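Beneath this line is the structure, given in structure tokens, with notes to follow.
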Amino acid sequence: MDSVDNGGTRESEIVQGHVHLWTHAFNSIYSMSLKCAIELGIPDALHHHGHPMTLPVLAAVLSVPASTAAFLTRLMAVLAQTGFVCQRKSAAKNDQEQLGLTYSLTPISRALRKGEPGDLSPMVSFLLDPIIQGPLHCLGEWVKSESLSPRTPFVMKHGMSLWDYTAQDEGLNRSVNEAMASDGPVIMRLMVEKRGRQLFQGLRTAVDIGGGTGGLAREAAEAFLQVEWMVLDLPHVEAGLEGTRNFEACEKSQTRNPFVKT
């Protein structure tokens with residue numbers, strides 16, 4: 001029988017509470033390990049190898065020095081624990097050979113292969129960027145703030161809105177645009193598969209407001225050639241956007257911009 005403390009809480013419940021708290025406190029390690037894996041190119045390395053990789057081979061491919069090879073072992077253990085890599089014991093070729101571990105992709109990590117359809121590595125990299133994560137450390141201060149201005153934690157941390165920040169920081173601007181574009185094709189394919197024909201039937205023009213660099217609208221333009229697709233976003237976001245026969249930024253569209261009075 002579980003013992004009961006003075007407050008009436010069973011000892012097992014206290015232990016479960018501690019486990020729950022430790023899990024949430026350490027969850028950031030899982031997130032940052034995933035970010036590290038993307039930066040190192042681990043999903044791409046495992047994919048291009050074609051079969052399970054041993055740690056020494058993976059370290060050589062990633063150019064990881066011997067001094068930090070032990071860290072790579074722990075990193076791969078975390079990725080295996082969270083389901084981003086498959087970790088198995090390798091078979092020894094002879095009695096003298098030590099059993100080692102091999103690593104391969106899982107269905108989840110296939111969504112992190114750069115340049116592949118459905119690649120979400122840009123979204124992960126953006127969300128875990130220090131510029132984006134920094135405001136989360138200000139939540140307590142922000143909640144208690146008595147400022148009359150409509151500030152957000154991002155404004156409190158950086159002194160400006162996210163969009164003002166991206167307007168002056170080309171690196172972050174590129175990061176947020178790539179992140180927004182990364183899940184657009186997948187979302188549109190799901191929309192087309194489930195309800196697309198009914199949703200867009202009879203349309204001649206469609207505008208994706210706040211559509212970034214047009215990841216979603218570009219996919220829609222390929223599926224619905226009879227519709228003129230346009231993207232409306234900030235000028236520095238649309239800059240350099242290349243159009244197609246039925247896809248264009250509002251500012252560049254040959255058809256009348258529906259948001260400009262004539």
Residue ranges of DSSP H helices in the chain that stretch 30 Å or more (Cα, own long axis) and have mean Kyte-Doolittle hydropathy of at least 0.0 are 11-40
A student applying the Cα gyration tensor rule (rounded when a/c is under 1.5; otherwise prolate if a/b is larger than b/c, oblate if not) would label the stretch 131-249 prolate
One computes Rg over Rh for the stretch 5-92 from alpha-carbon atoms, with the Kirkwood Rh, and obtains 1.17
Computed, not fitted: 222 nm per-residue ellipticity of the chain from DSSP H runs ≥ 4 (each -39500 (n - 2.57)), nearest 500, equal to -14000 deg cm²/dmol
Sorted largest first, the C-alpha extents of the stretch 43-170 along its principal axes in whole angstrom are 73, 30, 26
The FRET efficiency for H24 and I187, from their Cβ-Cβ distance with R0 = 25 Å and rounded to 0.05, is 0.30
Expected max-MSF residue from P52, P43, P107 in the GNM of the chain (alpha carbon, under 10 Å) is P107
Sites removed, the longest contiguous part of the chain containing no DSSP-loop trypsin sites (Lys or Arg not before Pro) with at most 12 other Cβ within 10 Å is 1-92
Ordered by fewest other Cβ atoms within 10 Å, a rough proxy for footprinting exposure, S33, S145 read S145, S33
Quick calc: nm separation of the 7 Å Cα→Cβ label points for E39 and K89 -> 3.4 nm
Quick note on L120, L112, ordering by fewest other C-beta atoms within 10 Å, gives L120, L112
Extension length gain for Q81 and L139 (0.36 nm per residue less Cα distance), in nm, is 17.9 nm
Over the chain, the quotient of the Cα radius of gyration and 2.2 N^0.38 Å is 1.34
Correct response: the longest run of the chain lacking exposed GluC sites (Glu not before Pro), defined by DSSP loop and at most 11 other Cβ within 10 Å, is 1-96
Once normalised by the length of the chain, the mean sequence separation of its alpha carbon contacts under 8 Å that are 6 or more apart gives a contact order in percent of 11 percent
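All of the numbers you see were taken from the coordinates with simple rules; none came from a lab. Keep in mind the model is a prediction, meaning the values are calculated, not measured. Please note: Cβ atoms are built from the backbone with ideal geometry, for glycine as well, and neighbour counts cover all protein chains shown.
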